[in-house]
1. Just to be sure before I move on: is residue 34 part of a strand (DSSP E or B) and surrounded by 10 or more Cβ atoms within 10 Å (Cβ to Cβ) in the structure I sent?
2. Mind listing just one residue for me: the one in the range 52-85 that is modelled with pLDDT under 85 and assigned to a helix (DSSP H, G or I) and, of those, surrounded by the fewest Cβ atoms within 10 Å (Cβ to Cβ)?
3. Would you pick out the residues in the range 40-51 that are at pLDDT 80 or above and surrounded by 10 or more Cβ atoms within 10 Å (Cβ to Cβ)?
4. For the range 37-51, indicate whether the set of residues that are out of contact with any helix residue (DSSP H, G or I) (no Cβ under 6 Å at 6 or more places or on another chain) and part of a helix (DSSP H, G or I) is non-empty.
């Protein structure tokens, strides 16, 4: 499939057809890495780790702890509730 590089503000952009994104397991807003290698542009999917997740949506829902909570404290609570780590 052929496409063109177009100007987008001060940058350049390539429009990726939906079929190409789907075949690569990507969608809009998917995190990717881009590199140039041997005269090619390579786009790779970045698999986010759980630590990279944005939890800002929990602000105001989850109460602020009354004292600092350590990872060990959190693990103990999860285990006490029957959860697995």
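1. no
2. In this case the residue turns out to be 56.
3. Correct list: 41, 42, 43, 44, 45, 46.
4. Checked the range 37-51: at least one residue is out of contact with any helix residue (DSSP H, G or I) (no Cβ under 6 Å at 6 or more places or on another chain) and part of a helix (DSSP H, G or I).
The values are calculated or read from the model by the stated rules, or taken from the named source; none is laboratory data. Being a predicted model, the structure only gives us computed values, none of them experimental. When we count neighbours, we look across all protein chains shown, and the Cβ atoms used for this are built from the backbone with ideal geometry, even at glycine.
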